[in-house]
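Every read-out reported here was derived from the displayed coordinates using simple, explicitly stated rules and does not represent laboratory data. What you see is a predicted model, and the numbers here were worked out from it, not measured in a lab. Ideal geometry is used to build each Cβ from the backbone, glycine not excepted, and the neighbour counts take in all protein chains shown.
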Amino acid sequence: MQTAPVETITLAGGCFWCTEAVFARVRGVVDVQSGYANGHVPAPTYEQVCTGSTGHAEAVRVRFDPAQVSLRELLEIFFATHDPTTLNRQGHDVGPQYRSGIYTTHPEHEAVARALLQELQEGGHFAAPIVTELQALTAWWPAEDYHTDYFNQHPHQGYCAAVIAPKLEKFRATFARLLKSD
């Protein structure tokens, strides 16, 4: 039996600690890597990206098995677990590095994302217009190692307890059918 190849999508939904924590729990997700997408500074550091001047978005690269979870389902999770209507902001995280974005490497992924964006916008699913950018992925730099699996390593840290934990509860309640069974 031949299995489908693993696919990749890059998503920016605010702080990458939050986004990584959600997608790491999705059935069919093979790997989630935090990093910096689509900026103009090569190999940026977290400190540089935090200034908002590098053009990068804090993002996650999600590798997934499309036989277990579809791109559409991943994007539905993405839109349900961050606010796609706030420009350059997620809660108290403010700056262009916290923008909402979908970064693609395949025309088919762009088409799926564009169709869902249109459906959500036209369906009035949000009280304000969606500002999520949809672009080709032009640059990707992995984040420093200490960002990897941040929530699981620091669940009682203030930001993790106050921001990430409630986001995970919302994800579990809304997408129980897509939770990993481990």
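If R0 is 35 Å, what FRET efficiency do you get for residue 110 and residue 146 from their C-beta distance, rounded to 0.05? Once the sixth-power term is evaluated, E becomes 0.60. The slack in the chain from residue 50 to residue 177, taken as 0.36 nm per residue of separation less the alpha-carbon distance, amounts to 42.2 nm.
Between the stretch 1-62 and the stretch 102-154, how far is it from one alpha carbon centroid to the other, in angstrom? The stretch 1-62 and the stretch 102-154 have Cα centres separated by 9 Å.
Based on Cα contacts under 8 Å between residues 6+ apart, the chain shows a relative contact order of 31 percent.
Applying a 10 Å radius around every beta-carbon, put 99-105, 51-57 in order of their mean neighbour count, most first.
The most tightly packed comes first, giving 99-105, 51-57.
Using the Kirkwood radius over C-alpha pairs as Rh, can you work out the diffusion coefficient of the stretch 5-57 via Stokes-Einstein at 4 °C, viscosity 1.567 mPa s, in µm² per second? Translational D for this selection: 106 µm²/s. As a size descriptor, the averaged projected area of the C-alpha convex hull of the stretch 7-178 was calculated at 9.3 nm².
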